[in-house]
1. When you check D7 against the structure, is it loosely packed, with under 10 Cβ neighbours inside 10 Å and out of contact with any helix residue (DSSP H, G or I) (no Cβ under 6 Å at 6 or more places or on another chain), yes or no?
2. Take the conditions surrounded by fewer than 10 Cβ atoms within 10 Å (Cβ to Cβ), assigned to a helix (DSSP H, G or I) and not aromatic (F, W, Y) and apply them to S52. Does it pass?
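Just so it is clear, none of the values below were taken in a lab; they were calculated from the coordinates. Computed from a predicted structure; not experimentally measured. Glycine also receives a Cβ, built like all others from the backbone with ideal geometry; neighbour counts cover every protein chain displayed.
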Amino acid sequence: MSVEWSDLWAALALLLVLEGLMPFLSPARMRETLNKVSELDDRTLRTLGVISIIAGLLLLHWVR
C-alpha cells in the first residue's frame, strides 16, 4: 500500500478547490452559514467533525 506524494498533493489541491467554491459562488450565503456554525456548541461541532472524519475515511476506503 504505497502512497505517492503526488496523490497527497492532488488531494490537497482538490480540497482547496472544493473549499473555495462556496465563497466564490455565494459569499453572502457563506457568511450566513459561518455565522450559524459559530453559534453551535462545542459538542455539536465535535460530533459533526467526527462524522465528517468517518465519512471521509469510508469514502477513501471505497475509492481505494
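1. Numbers: loosely packed, with under 10 Cβ neighbours inside 10 Å: no; out of contact with any helix residue (DSSP H, G or I) (no Cβ under 6 Å at 6 or more places or on another chain): yes.
Spelling it out, it is not the case that D7 is loosely packed, with under 10 Cβ neighbours inside 10 Å and out of contact with any helix residue (DSSP H, G or I) (no Cβ under 6 Å at 6 or more places or on another chain).
2. no
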